[in-house]
Amino acid sequence: MGRPTKEQDRALFMAEFLRRLRAAAPGQRVYMRVGDVFKDADVVDLDAWQAARRTDARRKDGRGTDHGE
């Protein structure tokens, strides 16, 4: 059998992480080497994402745009 795909690597990583997390005592930290498991993950600008959510929430709330309120 050949080398696992990136998707298989991620699935194995998450399975092992969850196994260790379940085995850990309450409050105990679980450390794992990440390597390049999340190398292809999307990078998101958190500030822009939060601003978009606030704007969307205002629209749904009927308040419209923020005018310094």
### Förster-model FRET efficiency, 35 Å R0, Asp56 and Val30, C-beta, rounded to 0.05
0.55
### Task
Starting from the coordinates of the alpha-carbon atoms of segment 6-61, obtain the Kirkwood hydrodynamic radius over all distinct pairs and give the value in Å to one decimal.
14.5
### Task
List Thr5, Thr55 from most exposed to least, where exposure is judged by having the fewest other Cβ atoms within 10 Å.
Thr5, Thr55
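Laboratory data are not the source of any read-out in this text; all were calculated from the coordinates shown. The structure presented is a predicted model; accordingly, all values stated were derived computationally and were not measured. Don't worry about glycine lacking a Cβ; one is built from the backbone with ideal geometry, like all the others, and counts go over all protein chains shown.
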